[in-house]
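Reading through the structure tokens given below for one structure.
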Amino acid sequence: MLDQVTKVHDESRQGEAFAPEAAGTQTYIKKFYIESYGCAMNFNDSEIVASILNQEGFGATRNVDEADLILLNTCSIREKAEQTVRKRLTEFRSRKKATPGLLVGVLGCMAERIKGKLLEEEKLVDLVVGPDAYRSLPALIAEAGTGQKSVNVLLSREETYGDISPVRLDNNGVTSFVSIMRGCNNMCSFCVVPFTRGRERSRDAYSIVREAEELFENGYREVTLLGQNVDSYYWTNDAGTETVTFAQLLERVALINPLLRVRFSTSHPKDITDEVLFTIAKHENVCNYIHLPVQSGSNRILQLMNRTYTREWYMKKVTRIREILPDCGLSTDVITGFCTETEEDHQETLNMMRFAHYDLAYMYFYSERPGTLAERRYQDDVPEDVKKRRLAEVVELHRSNAEAGMKKDVGKTFRVLVEGTSKRSAEQLFGRNDQNKVIVFPKEQFKKGDYVMVKIESCTSGTLIGKAIA
Ligand code: SAM
Ligand code: SF4
Ligand code: F3S
């Protein structure tokens, strides 16, 4: 892929360090360096952390050498994600020994899962802070500065950080995430998220709209509303006199300005409603793109996964999406080799992929996570080589489906929101169409943040290549 920007639901992002391009006018006494792992929500949390730390006189830096505080905002979704963080912590060990006063902290889902044990296991960690405890960071940093080990991993039923304006770290100035809820009430048996992020809670609708308005006023042209299960967003005001559903929220954000594109992620197949589909159809600026993780195509496995829908239910949803939104982009997540998965179950997953013809897919082999329902109830009995072989088959089928989908777009014209200069050539720009496909085209007089009509002339498996038309 040329410029694939798969940030929205690709929780395989590993250890990217960000800081704002320009530090602004404020000068900070101390510097923090933050690396983020995992899903978009975790990256967005790093921006909330940055905002809290700025208030405390810490400015962000991309240069670890000048940091007084190193933070790793971690992910626990698969074993490999945690291994990467452990490796990174050992890399920081000699730096910490050589730099008196340097503090190292672990934030996020791994902090929540392993808690204080991290301090014992990783002797040079000073701070362990879970996803709902970031407001206590200033106090914990002060405590750690006196040589004490500091931990706060309390989960909350209310915390949404709704009043905190995130400091945009990964900043292209055009697209941004806005978290609309936290936690998850589903109990998919393979998943660690309900344990690391706690109960689901929805953020105040007014604070979400305000944040999106501010982004638009600051030149942003796309917001992605984030939640583990956005369709169950449901906010009630304190007096109990006003409620807002996800479809209503989507509409409120869409009405900010027709030039502000709105995306969202993730939709759970059991919860996405016709009302949401009709809202997408009604507003041109709500993008025709839905991330609808299937996980498996086998009813038996779906039941063991506790996904609470059947293969038939899922297929009906896809059919309904195509009825209401004929040109809607569709993406998914798939897990291969879940407990007891047979070759027949695997074939059902491949058949589902043939049916749904996804434009984008995030595919993984099953990784057992301690404490989850699956770990407690079922045996992780599919050998790793089988899991990986099945994954390779799923990936290959998806690749050929997606390539066929790309070829169908050659000759069509799309409205592209320009996100930046192509990595391959300074003479090319890249952006995405409504359906979330990446499009590359010659720069001419266009710039970041412009909407440009581009006629597609060719494609690779991940990128459409075209030319602007007048
Ligand atoms: N909330 C979303 C949903 O319901 O689909 C996504 C949650 S999770 C952050 C993203 C993806 O990671 C899941 O959809 C699933 O495919 C994958 N995943 C979660 N737990 C996993 C595990 N134990 N092993 C492999 N993949 C896993
Ligand atoms: Fe995990 Fe399921 Fe919640 Fe998604 S919906 S975060 S897969 S428990
Ligand atoms: Fe996200 Fe990983 Fe936590 S995917 S919610 S950072 S476990």
Please work out whether segment 255-386 counts as rounded, prolate or oblate from its C-alpha gyration tensor, where a ≥ b ≥ c are the square roots of the eigenvalues and a/c under 1.5 means rounded, while otherwise a/b larger than b/c means prolate and anything else oblate?
prolate
What ranking of ILE256, ILE321, ILE29 emerges when the number of other C-beta atoms within 10 Å of each C-beta is taken as an exposure proxy, fewest first?
ILE29, ILE256, ILE321
How would segment 8-152 be classified by its alpha-carbon gyration tensor: rounded, prolate or oblate, with rounded meaning a/c under 1.5 and the a/b versus b/c comparison settling the rest?
rounded
Rg/Rg_globular for the chain, with Rg_globular taken as 2.2 N^0.38 Å and Rg from C-alpha atoms:
0.97
Can you say what percent of the DSSP beta bridges in the chain, counting only those with both residues inside, are antiparallel? Round to 5.
40 percent
Cα-based Rg then Dmax for segment 324-380, in Å, read 14.3, 42
Spatially proximal lysines relative to LYS412 (Cα-Cα < 26 Å; intrachain offsets below 8 disregarded)
LYS7, LYS282, LYS423, LYS437, LYS443, LYS447, LYS448, LYS455, LYS467
Nearest-0.05 FRET efficiency for ARG354 and GLU275 at R0 = 41 Å, using Cβ-Cβ distance, is 0.90
Explain nothing, just compute: Karplus ³J(HN,Hα) = 6.51 cos²θ - 1.76 cosθ + 1.60, θ = phi - 60°, for every residue of segment 143-154 in order, whole Hz, x for Gly and Pro.
5, 5, x, 8, x, 8, 7, 10, 9, 9, 10, 5
Where GluC sites (Glu not before Pro) in DSSP loops with at most 12 other Cβ within 10 Å are excluded, longest remaining stretch of the chain
243-426
Amide H of GLU16 versus every other amide H placed in the peptide plane: which residues, excluding those fewer than 5 positions away on the same chain, fall under 5 Å?
SER36
A correct Karplus calculation of ³J(HN,Hα) over segment 411-420, with 6.51 cos²θ - 1.76 cosθ + 1.60, θ = phi - 60°, whole Hz and x for Gly and Pro, returns x, 7, 10, 10, 8, 10, 8, 6, 9, x
Between LYS149 and THR99, 0.36 nm times their residue separation minus their Cα-Cα distance comes to what?
16.3 nm
Per-residue HN-Hα couplings for segment 302-309 [Karplus 6.51, -1.76, 1.60; θ = phi - 60°; Hz; x = Gly/Pro]
4, 5, 5, 6, 6, 7, 6, 9
As straight-line cross-link partners of LYS30, the qualifying aspartates and glutamates (C-alpha separation under 15 Å, not fewer than 8 residues apart within one chain) are GLU56, ASP65, GLU66, ASP68
Name the cysteines of the chain that stand alone by the Cβ rule: no other cysteine Cβ under 4.7 angstrom.
CYS39, CYS75, CYS109, CYS184, CYS287, CYS328, CYS339, CYS459
Per-residue ellipticity at 222 nm attributable to helices in the chain (runs of n ≥ 4 DSSP H, -39500 (n - 2.57) apiece, nearest 500 deg cm²/dmol) works out to -10500 deg cm²/dmol
How far is the Cα center of segment 140-200 from the Cα center of segment 260-334, in Å?
26 Å
Using modelled backbone amide H atoms (1.01 Å from N, in-plane), which distant-in-sequence or interchain residues come within less than 5 Å of LYS31's amide H?
GLY59, ASP68, LEU69
Check which residues have an amide H placed less than 5 Å from ALA361's amide H, if you skip close sequence neighbours.
THR332
Gyration tensor on Cα atoms of segment 413-468, a ≥ b ≥ c root eigenvalues, a/c under 1.5 rounded, else prolate if a/b beats b/c, else oblate, says rounded
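All of the numbers you see were taken from the coordinates with simple rules; none came from a lab. These numbers come from a predicted model, not from an experiment. Cβ coordinates were reconstructed from backbone atoms using ideal geometry, including for glycine residues, and neighbour counts include every protein chain displayed.
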